[in-house]
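To keep things clear, I will list the structure first and then write my remarks on it.
The values are calculated or read from the model by the stated rules, or taken from the named source; none is laboratory data. What you see is a predicted model; the values in this text were computed from it and never measured. Cβ placement follows ideal geometry from the backbone for every residue including glycine, while neighbour counts extend to all protein chains displayed. Quick note on the areas: whole protein, heavy atoms, side chains included, nothing else; ligands and nucleic acids left out. Shrake-Rupley method; radii C 1.70, N 1.55, O 1.52, S 1.80 Å.
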Amino acid sequence: MQAEIIGIEDGIVGVRVVDPRGNTHLVEIDFDEQDTIDLHAQEAYPLEASDQTEDVQRIMDQVLARARFEAHTQTEYDILRSGWDPTQLRRGIDALKRISDDEFDDLFYEYYTALHDPTRLKDEYDIGPDTAEVEGNPRIALVIKSFCIDDQNEIVNDLPLFVFYSSEQADKNYTAGPDPDCPSGTTEIPSMLPPFKDAPEDFVYPEDFRGLMINNLICQIRDVYRNMGERPPKQYDIDGFGKPHGNFDR
């Protein structure tokens, strides 16, 4: 997609986006009120979502994502959350590479063991057949471990494990666990991985697990680009699990 900033006025960033079909969209983003729905004007597709095909809905969502990316990267305003900002995710990769094995073990051993056996998380977060928000036997679908980095890309804090769970009878995921924020002045970097199914016999902790977390952050960067309908830069277009959902096919 092609995108350009066409104006900034009264707390609004205007972005023109041309989608892959050559149609023009105008998007207005309120950077002072992040909860405000972006104004999206175009004349090529039906206005009501109920009248749009699945492909058109995907294009519309990707246009909004591309407009927000343009506003975030081409102005001084923070539009994107750190987990959807490739620059911040790259900083997270650097942070993981530079810490020692002992520091890595202190921060992430619990994460490693939870991915091997998420049963403890089901017990700790009270995710059972009678207590979960899903019918049937709930299963852990994704475990998120966020860490906080300072301006020098040093890990200064970490956050509790946070999970997505579902069941065979459910058509969506539910969440469980504490969801605190990183301290002011730091940046939150989320690692998000599904529980291990068949870990290779030669998988070595902590070396291979550190590599797996780095691979996940690279794949998250890949999926940020896919989410806005663009081909990722070559160095990030690799195989692996990145974002669990977005405007793209897994």
Quick check on my filter: what residues within the range 23-47 are of a type in the set (Asp, Glu) and more than 27 Å from the chain's Cα centre (by Cα)?
GLU43
State all residues of the range 31-42 that are among the acidic types (Asp, Glu) and touching a residue at least 12 places away in the same chain (Cβ under 8 Å); if no residue qualifies, say none.
ASP32, GLU33, ASP38
Which residue is nearest to GLN220 (Cα to Cα), if the candidates are limited to the range 41-70 and must be charged (D, E, K, R) and not in a helix (DSSP H, G or I)?
GLU48
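Can you find a residue in the range 71-89 that is over 30 Å from ASN227 (Cα atoms) and either open to solvent by less than 60 Å² (accessible area, probe 1.4 Å) or part of a helix (DSSP H, G or I) (or both)?
From the range 71-89, those over 30 Å from ASN227 (Cα atoms) are none; that's our starting set.
No, the conditions are met nowhere in the range 71-89.
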Can you pull out the residues in the range 22-40 that are at pLDDT below 95 and not in a strand (DSSP E or B)?
PHE31, ASP32, GLU33, GLN34, ASP35, THR36, ILE37, ASP38
I'd like the residue in the range 228-243 that is basic (Lys, Arg) and either open to solvent by 60 Å² or more (accessible area, probe 1.4 Å) or modelled with pLDDT under 95 (or both) and, out of all such residues, is nearest to LEU217 (Cα to Cα).
LYS234
Under 6 Å between Cβ atoms, at least 6 apart or on separate chains: pull out the pairs that start in the range 45-67 with a residue that is buried (at least 17 other Cβ atoms within 10 Å of the Cβ) and end on any residue that is of a type in the set (Gly, Ala, Ser).
GLN62/GLY229; ARG66/ALA3
